[in-house]
Protein chains: 2
Amino acid sequence: MSNSLNVSMIVIGDEILNGRTTDLNGSWLSKFLFKKGLNLKSLRFIRDDSKEIDQALKLSLNESEIVITSGGIGPTIDDKTKNALASFFGKRITEREDVARIVTQNYVQFGRSWTPDHNHYHFFPEEFIATNNPRGLAPGLVFFEQSLNKLIMAGPGVPREFTEIVELEFFPIIKKYFNNQFKENYQTVIRTKGVPEEKIFFELCPTLWQDLEAFGKVSSLPHTIGIDIVVSYHGSESIHLENQQQIKNFIENSLLAQYVWQYGNNSLNELILASSRLRNKTFSIAESCTGGLTSSKITDLSGSSQFYMGGVITYSNQAKIDLLGVSPQTLEVHGAVSAEVAKQMAEGVRKKFKTDYAISITGIAGPTGQTKDKPLGLVYIGFANELHSGAKMFQMPGDRIRRKERFSDTALLILLEMINEKLDQ
Amino acid sequence: MSNSLNVSMIVIGDEILNGRTTDLNGSWLSKFLFKKGLNLKSLRFIRDDSKEIDQALKLSLNESEIVITSGGIGPTIDDKTKNALASFFGKRITEREDVARIVTQNYVQFGRSWTPDHNHYHFFPEEFIATNNPRGLAPGLVFFEQSLNKLIMAGPGVPREFTEIVELEFFPIIKKYFNNQFKENYQTVIRTKGVPEEKIFFELCPTLWQDLEAFGKVSSLPHTIGIDIVVSYHGSESIHLENQQQIKNFIENSLLAQYVWQYGNNSLNELILASSRLRNKTFSIAESCTGGLTSSKITDLSGSSQFYMGGVITYSNQAKIDLLGVSPQTLEVHGAVSAEVAKQMAEGVRKKFKTDYAISITGIAGPTGQTKDKPLGLVYIGFANELHSGAKMFQMPGDRIRRKERFSDTALLILLEMINEKLDQ
């Protein structure tokens, strides 16, 4: 990766290093910058401490043209970023009318009014630019250090505020100062299922890594349902399309082909909604051990209500009988975690919601519940359409949370294959 | 925070800075170390690049006694951590029989056998200790630099492997070398609902921040259903209990008291399960706009199946009628997002699953679906027990994902209050 324009990010806040809050801004920014063709050179997490801010700014300015910080620009005493930035660049903090106007605007968007009694937002380092905060109250801080040709931007720590201020306020400023110094990044992602990383690179395709390096930088990443092989390069849309096609042709002629379920970077729920829309099909979901996670993933997407009619979570056997019409005898003979019950759950929820397709999940997420015949991680995914129904068995590693993730993604992949009429039944 | 023992973490991997993967190890380690009384001094994210690893090691060893890295110890070409560490400390990599034995053990736990043909895991820096990997295959690397009295430990990037290797292998080694140099950290958390941060600190209790600083370091953190005020200090269990009681007494005599729903750090689902267990009560959940998220949060906890009987996700009006017995006329007159429908959903799901309590959620998560009378973010939480039922209205900010989180946490808080017989109906 030899992009010309580096960005360093500094995440400021005791709450993150103390484990009270999980940072979302760093991982969001990494995705955002990658798409925009900027190189996230480093990501530093530090405390609300002027000395640490000072040191992190020094290191960041040494390695990058652009420094973005998140956190510490609010109204309370532990918000130290504004003062630390002013002192770093030797600027006085003064009462500024232009900033007061921006703050007033920020308040107006929430139907509130602002006066200097509220806080000291309008005390601002001289020569710094104040930006609107499209989702919050505190203004963003921007300073262009002309002698170094470097840009420093400080945003809020709250993720919904940070992401919007970067997209709508900071990025246009980056373009203004550095327009011709970056070009977009592209990736081709080969998403596999059901084959271990070692089998891919040491058994099926021993020269795959080197072969793919002809196109760009290669990395291999385990995900819930398999290994993603990512090839990254920068260039233009047309170079990307050509690379993508060549990589696809190459893989399709290899032993890996049968394990690939997607050449691309779409999430399962996006693919499911797109296929449902294309074929005008509806679906429903019956969950046991995943406890609603599968439906929740689907409904994360706006527009899902057109195709996803609903679901049931039947944790108890009685609920499986009452709500889904699972046979008490089947439960008795085969147990709740069985192919037969999974099949009946899928058939039952499909009837209940009158949908074209249905999937079901019944398994043992752990850490308890295993028996001699049924180990932790065993799961049956049921499926049903108008003509067919059945179930597939899997055995998944992980802890309870991880298994819920894997079980639900596996079920979503089966739903996708069913909607696309590619399910091997 | 002036703990004597600092830890620096280095997260290694292009996939994180490129936005392909969200790091979980950093936020997990921050929580783990805080509990153990170690100070996470800094957290650096760098690429799979020997020079960057070198520089990050230098900076980390300068500021901390312990350095922990994650990532880059696997079998593929982009795994550079082992070589970089060896070269940093000037150690040769040799073929080691003792490491081969550890690798063999790692494979055995997955029922697999290992030979040197598999990979080069047994090529290892001299004087480095290899540890077991309780959830994976690659051994952990540990090196104690005696002249500096510093400890360096490298674990895998996969979160389930990293967390277990730190808990079971690395932490005992830290204790061995630094036993008396750290003591546990404690926090008292004042969790509020329904009151903005500014109102707390500028209106209700203008001296609260300073008052709480008598006990330790103060921070203020917005969460899904309100502001958490966190007071952190280190000492002993008895000092903690005394501080906690004093802080509680102080707040109970302030105007903030009515907004506090917990003095502590338990999650809503933990509190709900504990109360359900104590009172031996069952519950069920009907969701519309949250799409299964509320049930999924409950079922993240092992043991939830004793009290949570199940739920339904009724996205469509027809499903609300068919599965929950919501009256078509009520839907017609008041609309799906209304107090009346929320109430009937809760009553319906309670009957369906034969539970003591039930909650329901119907709202507008956005970004579409609003009407003139019903703005984005409007939500009704229904509740029902044997004798009473009703609904509460809220208006929540955020985007779709954020609103799903807020809606479901608000519903869980109402469920908790209902189980504890504290719901103001």
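The values are calculated or read from the model by the stated rules, or taken from the named source; none is laboratory data. Everything numeric in this text was worked out from a predicted model, so none of it was measured. Every residue, glycine among them, receives a Cβ derived from its backbone with ideal geometry; neighbour counts consider all protein chains shown.
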**OP:** Can you tell me which residue among B:Gly311, B:Gly366 is closer than 21 Å to B:Asn420 by Cβ, in contact with an Asp or Glu (Cβ under 8 Å, 6 or more places away or on another chain) and not polar (S, T, N, Q)?
**Re:** B:Gly311
Original post:
Which of (1) crowded, with 24+ Cβ neighbours inside 10 Å; (2) in contact with a helix residue (DSSP H, G or I) (Cβ under 6 Å, 6 or more places away or on another chain); (3) free of Cβ contacts under 8 Å to residues at least 60 places away in the same chain does A:Leu33 not meet, given it meets every other one?
Top reply: (2)
**OP:** Can you give me the ranges of the helices (runs of 4 or more DSSP H) entirely in the range A:1-103 with at least 3 residues that are within 11 Å of another protein chain (Cβ to nearest Cβ)?
**Re:** A:14-17, A:25-36, A:50-63
Original post:
Restricting attention to the range A:345-367, which residues are in contact with a Ser or Thr (Cβ under 6 Å, 6 or more places away or on another chain) and without any contact (Cβ under 8 Å) to a residue 60 or more places away in the chain?
Top reply: A:Met345, A:Glu347, A:Pro367
Original post:
Looking only at helices (runs of 4 or more DSSP H) that fall completely inside the range A:280-358, which ones have 1 or more residues that are within 20 Å of A:Arg400 (Cα to Cα), in the same structural domain as A:Ile381 (by TED's automatic domain parsing) and in contact with a Gly (Cβ under 8 Å, 6 or more places away or on another chain)?
Top reply: A:293-299, A:339-353
Original post:
Do you know which residues across the range A:51-94 are modelled with pLDDT under 95, more than 18 Å from A:Lys150 (Cβ to Cβ) and polar (S, T, N, Q)?
Top reply: A:Thr76
**OP:** Please work out if B:Gly136 is touching a helix residue (DSSP H, G or I) at 6+ places or on another chain (Cβ under 7 Å) and either modelled with pLDDT of 95 or more or not assigned by TED's automatic domain parsing to the domain that holds B:Leu29 (or both).
**Re:** no
Subject >> Residue in the range B:1-58 that is farthest from the chain's Cα centre (by Cα), counting only those that are under 22 Å from B:Pro75 (Cβ atoms) and hydroxyl-bearing (Ser, Thr, Tyr) >> reply: B:Ser50
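Looking at A:Thr76, A:Thr94, which is the one that is over 21 Å from B:Ser219 (Cα atoms), of a type in the set (Val, Ile, Thr), surrounded by fewer than 24 Cβ atoms within 10 Å (Cβ to Cβ) and not assigned by TED's automatic domain parsing to the domain that holds A:Lys217? Explain how you work it out, then say what you get.
On the way: A:Thr76 fails: over 21 Å from B:Ser219 (Cα atoms).
Going through A:Thr76, A:Thr94 in turn, just one is over 21 Å from B:Ser219 (Cα atoms), of a type in the set (Val, Ile, Thr), surrounded by fewer than 24 Cβ atoms within 10 Å (Cβ to Cβ) and not assigned by TED's automatic domain parsing to the domain that holds A:Lys217: A:Thr94.
This table checks each residue for (1) within 12 Å of chain B (Cβ to nearest Cβ); (2) under 18 Å from A:Val260 (Cα atoms); (3) surrounded by fewer than 19 Cβ atoms within 10 Å (Cβ to Cβ); (4) small (Gly, Ala, Ser).
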| residue | (1), (2), (3), (4) |
| --- | --- |
| A:Lys374 | no, no, yes, no |
| A:Tyr380 | no, no, no, no |
| A:Phe383 | no, no, no, no |
| A:Lys392 | no, no, yes, no |
| A:Gln395 | yes, no, yes, no |
| A:Arg403 | yes, no, no, no |
| A:Phe407 | yes, no, no, no |
| A:Leu412 | no, yes, no, no |
**OP:** Would you mention how many residues in the range A:136-174 are within 23 Å of the chain's Cα centre (by Cα) and farther than 23 Å from B:Ser219 by Cβ?
**Re:** 7
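Quick one: which residue in B:Lys297, B:Lys248, B:Lys281 is under 24 Å from A:Gln370 (Cβ atoms) and modelled with pLDDT of 95 or more?
On the way: B:Lys248 fails: under 24 Å from A:Gln370 (Cβ atoms); B:Lys281 fails: under 24 Å from A:Gln370 (Cβ atoms).
Every option except B:Lys297 fails the conditions.
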**OP:** Can you give me the number of residues within the range A:104-120 that are surrounded by 16 or more Cβ atoms within 10 Å (Cβ to Cβ) and either assigned to a loop (DSSP other than H, G, I, E, B) or of a type in the set (A, V, I, L, M, F, W, C) (or both)?
**Re:** 3
Original post:
Within the range A:263-272, restricting attention to residues that are crowded, with 18+ Cβ neighbours inside 10 Å and either away from chain B (no Cβ under 13 Å) or among the hydroxyl-bearing types (Ser, Thr, Tyr) (or both), which residue is farthest from A:Ile313 (Cα to Cα)?
Top reply: A:Leu271
Subject >> Candidates B:Leu85, B:Leu61 - the one that is crowded, with 23+ Cβ neighbours inside 10 Å, hydrophobic (A, V, I, L, M, F, W, C), touching a residue at least 60 places away in the same chain (Cβ under 8 Å) and farther than 25 Å from A:Asp399 by Cβ >> reply: B:Leu85
Original post:
Among the residues of the range A:320-336, is there at least one that is facing chain B (nearest Cβ under 7 Å), crowded, with 24+ Cβ neighbours inside 10 Å and of a type in the set (Val, Ile, Thr)?
Top reply: no
Original post:
If the Cβ limit is 9 Å and pairs must be 6+ apart or interchain, which residue in the range A:371-399 that is more than 12 Å from A:Val337 (Cβ to Cβ) and in a loop (DSSP other than H, G, I, E, B) pairs with which residue that is modelled with pLDDT of 95 or more and of a type in the set (Asp, Glu)?
Top reply: A:Asn385/A:Asp356; A:Glu386/A:Asp356; A:Gly398/A:Glu405
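Mind listing whichever residues of the range B:298-318 are of a type in the set (Gly, Ala, Ser), within 7 Å of chain A (Cβ to nearest Cβ) and either surrounded by 23 or more Cβ atoms within 10 Å (Cβ to Cβ) or under 30 Å from B:Leu278 (Cα atoms) (or both)? Don't jump to the end; show me each part of the working.
Applying the first criterion (of a type in the set (Gly, Ala, Ser)) to the range B:298-318 yields B:302-305, B:310-311, B:316.
From what's left, within 7 Å of chain A (Cβ to nearest Cβ): B:302, B:305, B:310-311, B:316.
Those that are of a type in the set (Gly, Ala, Ser), within 7 Å of chain A (Cβ to nearest Cβ) and either surrounded by 23 or more Cβ atoms within 10 Å (Cβ to Cβ) or under 30 Å from B:Leu278 (Cα atoms) (or both): B:Ser302, B:Ser305, B:Gly310, B:Gly311.
What number of residues in the range B:129-158 are more than 17 Å from A:Glu197 (Cβ to Cβ) and either within 14 Å of chain A (Cβ to nearest Cβ) or hydrophobic (A, V, I, L, M, F, W, C) (or both)?
First pass over the range B:129-158, keeping only residues more than 17 Å from A:Glu197 (Cβ to Cβ): B:129-132, B:134, B:140-155.
Now drop any that are not either within 14 Å of chain A (Cβ to nearest Cβ) or hydrophobic (A, V, I, L, M, F, W, C) (or both), which leaves B:129-130, B:134, B:141-144, B:148, B:151-154.
So the answer is 12.
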Original post:
How about the range B:130-214: which helices (runs of 4 or more DSSP H) wholly inside it have at least 1 residues that are touching a residue at least 60 places away in the same chain (Cβ under 8 Å) and crowded, with 19+ Cβ neighbours inside 10 Å?
Top reply: B:159-165, B:171-178
Subject >> Cβ pairs under 6 Å, 6+ apart, first in the range B:285-301 and touching a residue at least 12 places away in the same chain (Cβ under 8 Å), second assigned to a loop (DSSP other than H, G, I, E, B) and buried (at least 24 other Cβ atoms within 10 Å of the Cβ) >> reply: B:Cys289/B:Ala365; B:Gly292/A:Gly292; B:Ser295/A:Gly291; B:Ser295/A:Gly292
Original post:
On the given criteria, is A:Leu268 under 21 Å from the mean Cα position of the chain (by Cα) and not aromatic (Phe, Trp, Tyr)?
Top reply: yes
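Name the residue, out of A:Glu287, A:Glu242, that is more than 14 Å from chain B (Cβ to nearest Cβ) and charged (D, E, K, R). Working first, answer last.
Values: A:Glu287 fails: more than 14 Å from chain B (Cβ to nearest Cβ).
Only one candidate passes the filter, namely A:Glu242.
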Original post:
Only one of (1) within 21 Å of B:Ile321 (Cβ to Cβ); (2) at the interface with chain B (Cβ under 10 Å from one of its Cβ atoms); (3) over 25 Å from the mean Cα position of the chain (by Cα); (4) not β-branched (Val, Ile, Thr) fails for A:Ser295. Which number is that?
Top reply: (3)
